[in-house]
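Enquirer: The structure under discussion is supplied below as structure tokens; questions concerning it will follow.
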Amino acid sequence: MSTQLTTVLAGQEEKLLACIHCGLCLEACPTYVITGNENDGPRGRLYLMRAVAEGRLEDTSSAFAKHIDRCLGCRACEQVCPAGVEYGQLLEASREVLSEAQPKSDVANRMLRLVLRYVWLSPWRLRLFFSASRLFRDLGLARALLKLRLLHSISPRAAFALALLESSRPMIRGTGSSSKSVRGDEPVLLFAGCVGEGLFSRVNRATERVLHAHKLNVTTPTEQVCCGALHAHAGDLDGARQLARKNIAAFESKSDAPIITNAGGCGAMLTTYAHLFANDESLAEPAASFSARVRDVSQQLASTGMRTAETSVETCVTYDTSCHLLYGQGSGETSERMLRAVTGEKFVALNGSERCCGAAGIYNLLQPDMSQRVLKEKLDHVRETNAGILATGNPGCQMHIGAGASLSGIPLRVCHPIELVDQAYERAGVYLAADDAD
Ligand code: SF4
Ligand code: SF4
């Protein structure tokens, strides 16, 4: 068994001993709220982790696999815990144990690991994968297959996967502006993300334009790779470290410049590089300083001082906070403020916005039943708002909520908040003014 779980548990021992059994983590946990089973909540999972680490339970035990696999990794429990138990690190170490103990017959998991190893770790294969996905989406094949409804009864999971892809297409009017040559005063580096650049490049271009309008000099390092979040969530910490090493090197040239992300999942992962290399003599320091430089685009705008403008959207706009943006990066509030700044009275709050939507990386494909139950609650709240647009700061949440809404017949468009900021800036002539000033 990996010693990582034992090491992380030892590091958390004081906090675990300080657990006062208040139960706050249970109320915050979406899976516990749904099943009511203590083992589907953080306390029960922590108990299982300790039992495995102490040899009281086999790492191949089905109870361990079932309840750890069912965890969304949303980290809502971590936020409310008065003892400060850092659950996220424990979960990743437990997933590593599981991935090593995985029975050979578990086809879905083996397939996942192969894809993460042989596609995600190879930049050219990953580019090929996303080019094919984009072609499939942009030729309208995903939409056509969904309309035929052939897959809905044969394989709801495959139908949902198609709906996810379809939900990555642009849903609000883009500005059509090309990316400007940037000549601001302060350098910032953009982390583009693999899904981000593969399916949501418009969001990256909008991010660049908005940063440029704030006199920030944006560079997108070409050697950057996937952040490694999918590997870490799947327990492949070696794969996550391989990618992290490349990113640390890719962002080294301007070692003081902030690293800007627009994806909560990537941002949360990038901030954990410090933990990933905590015991690595040569990388502990570079990894810690890399993580300290990471910030969401909304955090950057909040510290720079955001320019005001108003969108021209004709409908109400609501906002869902990505868990990783909120709990992993601590920037859920700045992201909402950024959106409110351009939507004004069109903004309508979403009940339970802080609650996970059920996407959780590829949890929606691996744990479809629980994921759909979590999503149903989110969609019920979306219906209550009557909003025509939902903005969220993470591509995974965008696709998941978009897919759920379209399959449930809810007329909802999904986008990233920065797309609405970009649209508002173009309408207000902010870009023309910025170009004149250049
Ligand atoms: S990470 Fe989320 S799903 Fe997992 S135990 Fe914590 S609150 Fe529950
Ligand atoms: S919130 Fe923290 S202190 Fe309270 S029961 Fe959960 S782990 Fe223990």
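Enquirer: Which residues, taken from region 75-100, are over 24 Å from Asp238 (Cβ atoms) and within 11 Å of ligand 1 (Cβ to nearest atom)?
Expert: Once the filter is applied, which keeps residues that are over 24 Å from Asp238 (Cβ atoms) and within 11 Å of ligand 1 (Cβ to nearest atom), region 75-100 yields Ala76, Cys77, Glu78, Gln79, Val80, Cys81, Val85.
Enquirer: Can you tell me which residue is surrounded by the most Cβ atoms within 10 Å (Cβ to Cβ) among those in region 347-362 that are of a type outside the set (Val, Ile, Thr) and free of Cβ contacts under 8 Å to residues at least 40 places away in the same chain?
Expert: Selected residue: Ser353.
Enquirer: Looking only at region 313-349, count every residue that is part of a helix (DSSP H, G or I) and of a type outside the set (Gly, Ala, Ser) and tell me the total.
Expert: Of the residues in that region, 16 qualify.
Enquirer: What is the number of the single condition among (1) assigned to a helix (DSSP H, G or I); (2) within 15 Å of ligand 1 (Cβ to nearest atom) that Met111 does not meet?
Expert: Evaluating Met111 over (1) assigned to a helix (DSSP H, G or I); (2) within 15 Å of ligand 1 (Cβ to nearest atom) leaves (2) as the failure.
Enquirer: Could you give me the residue pairs with C-beta distances under 7 Å whose first residue belongs to region 124-136 and is on the phi < 0 side of the Ramachandran plot, whose second residue is loosely packed, with under 12 Cβ neighbours inside 10 Å and in a helix (DSSP H, G or I) wherever it lies, and which are 6+ apart or on separate chains?
Expert: Listed pairs, sorted by first residue: Arg125/Tyr118.
Enquirer: Of the residues Gly330, Gly344, which single one is touching an Asp or Glu at 6+ places or on another chain (Cβ under 6 Å) and surrounded by fewer than 20 Cβ atoms within 10 Å (Cβ to Cβ)?
Expert: The match here is Gly344.
Enquirer: Here is a follow-up. Is it true that Leu366 is touching a helix residue (DSSP H, G or I) at 6+ places or on another chain (Cβ under 7 Å), hydrophobic (A, V, I, L, M, F, W, C), within 16 Å of ligand 1 (Cβ to nearest atom) and modelled with pLDDT under 95?
Expert: Details: touching a helix residue (DSSP H, G or I) at 6+ places or on another chain (Cβ under 7 Å): yes; hydrophobic (A, V, I, L, M, F, W, C): yes; within 16 Å of ligand 1 (Cβ to nearest atom): yes; modelled with pLDDT under 95: yes.
Yes, satisfied.
Enquirer: Turning to a different aspect of this structure: Taking region 257-301 as the search range and keeping residues that are polar (S, T, N, Q) and in a loop (DSSP other than H, G, I, E, B), which one is nearest to the chain's Cα centre (by Cα)?
Expert: Out of the qualifying residues, it is Asn262.
Enquirer: Can you tell me which residues in region 230-239 are touching a Ser or Thr at 6+ places or on another chain (Cβ under 9 Å) and hydrophobic (A, V, I, L, M, F, W, C)? Spell out the reasoning first.
Expert: Step one: of region 230-239, the residues touching a Ser or Thr at 6+ places or on another chain (Cβ under 9 Å) are 232, 234-237.
Ala232, Ala234, Leu237 - these are the residues of region 230-239 that are touching a Ser or Thr at 6+ places or on another chain (Cβ under 9 Å) and hydrophobic (A, V, I, L, M, F, W, C).
Enquirer: Mind listing just one residue for me: the one in region 159-193 that is over 24 Å from Arg413 (Cβ atoms) and not in a loop (DSSP other than H, G, I, E, B) and, of those, modelled with the lowest pLDDT?
Expert: Selected residue: Glu186.
Enquirer: Then there is this: One residue is enough: does region 87-107 have a residue meeting the conditions on the phi > 0 side of the Ramachandran plot and modelled with pLDDT of 90 or more?
Expert: Looking through region 87-107, none of the residues is on the phi > 0 side of the Ramachandran plot and modelled with pLDDT of 90 or more.
Enquirer: Tally the residues that are free of Cβ contacts under 8 Å to residues at least 40 places away in the same chain and either in contact with a strand residue (DSSP E or B) (Cβ under 7 Å, 6 or more places away or on another chain) or farther than 15 Å from Ser255 by Cβ (or both), restricting the search to region 277-302.
Expert: Count: 9.
Enquirer: With respect to the numbered conditions (1) part of a loop (DSSP other than H, G, I, E, B); (2) farther than 20 Å from Asp238 by Cα, which one is the sole condition not fulfilled by Leu135?
Expert: For Leu135, the exception is condition (1).
Enquirer: Any chance region 84-96 includes a residue that's within 30 Å of Gly409 (Cβ to Cβ), assigned to a helix (DSSP H, G or I) and not basic (Lys, Arg)?
Expert: no
Enquirer: Conditions: (1) in a helix (DSSP H, G or I); (2) touching an Asp or Glu at 6+ places or on another chain (Cβ under 8 Å); (3) over 21 Å from Cys226 (Cβ atoms). Arg117 meets all but one. Number of the miss?
Expert: Here Arg117 clears every test but (3).
Enquirer: Looking at region 12-33 only, could you name the residues that are within 27 Å of Cys356 (Cα to Cα) and away from ligand 1 (no atom under 16 Å from the Cβ)?
Expert: Passing the criteria: Ala18, Ile20.
Enquirer: Take the residues of region 27-55 that are touching a helix residue (DSSP H, G or I) at 6+ places or on another chain (Cβ under 8 Å) and of a type in the set (D, E, K, R): which is farthest from ligand 2 (Cβ to nearest atom)?
Expert: Among residues in region 27-55 that are touching a helix residue (DSSP H, G or I) at 6+ places or on another chain (Cβ under 8 Å) and of a type in the set (D, E, K, R), the one farthest from ligand 2 (Cβ to nearest atom) is Asp40.
Enquirer: Need the failing condition index for Ala108 against (1) in contact (Cβ under 8 Å) with a residue 40 or more places away in the chain; (2) over 19 Å from Leu366 (Cβ atoms); (3) exposed (fewer than 13 other Cβ atoms within 10 Å of the Cβ), just the number.
Expert: Ala108 satisfies all of (1) in contact (Cβ under 8 Å) with a residue 40 or more places away in the chain; (2) over 19 Å from Leu366 (Cβ atoms); (3) exposed (fewer than 13 other Cβ atoms within 10 Å of the Cβ) except (2).
Enquirer: Taking into account only those residues within region 14-24 that are assigned to a helix (DSSP H, G or I) and without any contact (Cβ under 8 Å) to a residue 60 or more places away in the chain, which is nearest to ligand 2 (Cβ to nearest atom)?
Expert: Filtering first and then ranking leaves Leu24.
Enquirer: If you go through region 34-66, how many residues are assigned to a helix (DSSP H, G or I) and within 9 Å of ligand 1 (Cβ to nearest atom)?
Expert: Result for region 34-66: 6.
Enquirer: Which residue is surrounded by the fewest Cβ atoms within 10 Å (Cβ to Cβ), if the candidates are limited to region 224-250 and must be among the hydrophobic types (A, V, I, L, M, F, W, C) and closer than 17 Å to Glu197 by Cα? Talk me through it step by step, then tell me what you get.
Expert: Start the filter on region 224-250 by keeping residues that are among the hydrophobic types (A, V, I, L, M, F, W, C), which leaves 225-227, 229-230, 232, 234, 237, 240, 243-244, 248-250.
Okay, now just the ones that are also closer than 17 Å to Glu197 by Cα, so 225-227, 229-230, 243, 250.
Numbers: Val225: 19, Cys226: 27, Cys227: 28, Ala229: 27, Leu230: 23, Leu243: 24, Ala250: 16.
Per the criteria, the residue is Ala250.
The values are calculated or read from the model by the stated rules, or taken from the named source; none is laboratory data. For clarity, every value in this text was computed on a predicted model and none was experimentally measured. Neighbour counts are summed over all protein chains in view; Cβ atoms, including those assigned to glycine, are modelled from backbone coordinates with ideal geometry.
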